Every structure is written in C-alpha cells, then in structure tokens.
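Taken together, the values in this text are just the output of simple stated rules run on the coordinates, not laboratory data. Quick caveat: nothing in here was measured; it's all calculated off a predicted structure. All Cβ positions, even for glycine, are placed from backbone atoms using ideal geometry, and neighbour counts span all protein chains on display.
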Ligand SMILES: [Fe+2]
C-alpha cells in the first residue's frame, strides 16, 4: 500500500435530484436488447427494512464476453455496435433496475468472471463498490479469492442467479442479507 | 401539489409538519455536536477523510448504510482501469450552463475551474466530469423538487466536460441558491454543486458536492457535517479566485479534486498504447 501525499477529496451523497442530470438514453443498454448474446442484469435495491430504494443509481463496468477489457469511448452516445463495457441505470419507483449486457468472460485464466458495480443513493453518504459474480459450481466459488475470504453465508450476496435470459442480483444496503461492499488498497476511511 | 405561490406568498404550512421533520434544528445540531466532540476526544493520528456512512443526523442514512465493515480486497484487472469517454460523448458547449436556452439565466454568473488529480498529484486527463445544481433561487429542474421557488426557464443546471491533459475542467454557470429539505424542521442545504468524477481506475469513482466559502449553513447541515473531520470537510469548499473572475462578466472559484483508490498499473499503460 502506498501512502498518498495528497489527501483525498471526500465523497457526498448523490442526493435526490440527480434524475434529470445523470441517467441518459440507453445508459442501461451496454448492448442492444435484441442482440443474440444479450442478457439482462436485473434486480432491486433495498434498504435495511427490505423496502425498495426508488432513488438509487447503479453503474456497471465489465469485460466483454471473451474476457477482454475494452477501452472504447461512446458510452454516453451509443452507436449500436461498440461495446464500451460501462453502463448506468437508475432504480424505478419500485426499486428495480435493469441493464442489458453480455455475460463477461474471465479476464484471467482460472478466475471467475464478474461485473464490477458502483452503488449511489439518496441517504447513502458515499458510493459503495461491489461485484456481481456469474453463477458457478460451489467448488469454483469457494476457490475464488474474494469469495473464499467471506463467511459462507455472505458469499451468496455477490453471486447472481442466472435463469437463462436474465441475471438476477439484488443490492441490500443493510440488514440480514446485506450485500458485501468492498474497499480497495488506497481507500481511506 | 398545493396552491401556486403568489408574490406575497407565506411559507407553505406543511414545511415543518411533514413526516421526516419531527426533529428541530436544535435537536439535529446537538446530535452533530455530540458526534464531533466524540471524534475530537478519540482523535488518532489517522484523521478521517470521508463521510461516515452511519450518520443518524442525516435521517435518510439510517436505513441505507451498511452495518458490516467494508471488505478489503485487491482490485482485479477490470477494477484497475476506468471507462473511457471521448468527444463523441461530450460536446464542448456542455460546460457552459448559461447558454442552453434562448435567454440568459438569472443569477450570479460564475466560473468554477480546477483540476482532477490522483493521490500522487498526477492529473487525470481526458476523463468525464458531470455537474448538476439548483438555480439561483435554490430550485432544481426535477419533478420531485417541491420547493416553492421559481424555475428559471433559461437554466437547467446540468453540465458535462472532459478534463484536459493537465486534468483541468472549467464550467460557466450561475451560483446556486441554498434550498430547504425535509430532514428536520427548517432544514436548509448550504449552496452546492454536485460533482460526478471518474479516475484512471474503477476504484476511484466518486460523487461529491462542492460548497462556497463562508456559508452560514455549514454548521447546521448534516450532510456536510457527516464528514466529521474539519480539514476533510474544508476540502469540499471552493476558493474564491480573482484571477478566474473576469472584468464585467463573471466571478470565479477554484476547486481541485483528489481521487482516492489504486492507481494505474503496467497493464493499463500497455492498453493505452
Ligand atoms: Fe443538491
């Protein structure tokens, strides 16, 4: 871990009024919904009482289906064929969100693929990071370093369910089923 | 929802009786003060740099903060790089919030400029900066903003820019007004501009708020005070800069942003070529 000479600027809540500023047309469509390999990533954002959070915003960032990390601009004005690997979706009045993307491939041999996710919400004072792992056999999940470092009962909060056409992943900000949120080297409290 | 305010309208009767406004400012200020005192009493040699996620004076945070510790992990490859944005994403005109309509918005025209840096002081070049804000009267163009203050037909309050090679950004806008909210009775937010920032790594993503020097609402605001360390809070306050102010045109503020998190890796440099 390196020590930073410059102290970081603090984060703040996204607040209630980002809805006319940050979400944009096709932000949630990393690939067009009709594409043959398209998969939906859907779920809800829930608070500590299990109530839906209607003013949350999620962003995802992922490799392509072959596990390649793309460095393509164009996420804000999608051209219909360039995969940029990044998307943004707000929750609706029932706390639901929906992305259309592809199942990412593994970026490193022998490792499980995942979609990196950032969570923002009114009432949430700083962004949260998490990972959405694709489903895999229990033995494979137990062999993934991050998942292996978690108590078994919390591991499942980072693994989506795949029904063939959609990956289901709920974000629990708090409570018994609280999602595992991540901090990385260099992050300060 | 209620009546249209007239020129001599009194404050709407429901501003202090809504569900979330059960506490008074004195109650909330006492809670803020107690947390600040405890922080100072327990002072360590590692001051806090970020807001508390668990900060009850901000009522909406009570059910929306994780109660378990954030889990330490090393970033994987995808997390060591960040999404790319280019000129197909952002028009240069989007950095001027005063020219988006047929006429000029009401208020104090101002420029806010600064640099986006990583923790080592290196500029974050060619990266997306997004802002949104209330108008000069403290009103957002948002369907849920019920503040009885006028909408400005010439001001939307949304801007975007790409940073330059030196990490610099520059927006021309109108100084936002403070606005009431329903955290507690007679709650008002200090004037602020919301900023959304990306770094060179996914882990540097952040959203924050920029404030103006000397705002009398600072001590009363549980969102600003959720950063319990005074020096850390000060980092969200822009500096008035007369070099940015222009003769008979605009006032000027300077605000630099330092991102946290891991930095570029050999793999990223390879990919950039
Ligand atoms: Fe705001």
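A few notes on this one:
- Share of pairwise Cα separations in segment A:1-158, more than 25 Å, in percent: 39
- Comparing mean-square fluctuations of A:76, A:41, A:134 from a GNM of chain A with C-alpha springs under 10 Å, the top value falls on A:76.
- Summarised in one figure, the compactness ratio Rg/Rh of chain B, Cα atoms and Kirkwood Rh, is 0.98.
- Residue by residue along A:71-83, Cβ atoms of other protein chains within 10 Å of the local Cβ number 4 on average.
- For segment A:1-143, the antiparallel share of DSSP beta bridges with both residues in that region comes to about 95%.
- Highest-MSF residue in chain B out of B:212, B:85, B:155 [GNM, Cα springs under 10 Å]: B:85
- With each label modelled as a point 7 angstrom along the Cα→C-beta vector, the residue B:48-residue B:251 pair spans 3.1 nm.
- Cβ neighbours within 10 Å from other chains - mean over B:118-124: 3
- For segment B:122-270, the equivalent ellipsoid derived from the Cα gyration tensor has semi-axes of 28, 19, 16 Å, listed largest first.
- Most mobile listed residue (B:145, B:229, B:69) in chain B, GNM with C-alpha springs under 10 Å: B:69
- Note on residue A:109/residue B:24: beta-carbon distance plugged into 1/(1 + (r/R0)^6) with R0 of 45 Å gives a FRET efficiency of 0.15.
- Fewest-first sequence of B:239, B:251, A:9 by Cβ atoms within 10 Å of each Cβ: B:239, B:251, A:9
- For residues of B:251-260, the mean tally of beta carbons on other chains within 10 Å: 3
- Normalising by residue count, segment B:72-208 has a Cα convex hull of 149 Å³ per residue.
- Cβ-derived FRET efficiency at R0 41 Å, residue A:153 paired with residue B:217, nearest 0.05: 0.40
- Sequence of A:18, A:24 once ranked by neighbouring C-beta atoms within 10 Å, starting from the fewest: A:24, A:18
- Counting other Cβ atoms within 10 Å as a rough exposure proxy, the listed residues B:101, B:242 run B:242, B:101 from fewest neighbours to most.
- For chain A, the 222 nm mean residue ellipticity estimated from helices alone, with every DSSP H stretch of n ≥ 4 adding -39500 (n - 2.57) and the total spread over all residues, rounds to -1000 deg cm²/dmol.
- Take every pair of alpha-carbon atoms less than 8 Å apart whose residues are at least six positions apart; their mean separation over the length of chain B yields a relative contact order of 25 percent.
- Look at where the Cα atoms of segment A:104-145 and of segment A:3-26 average out, and the two centres are 21 Å apart.
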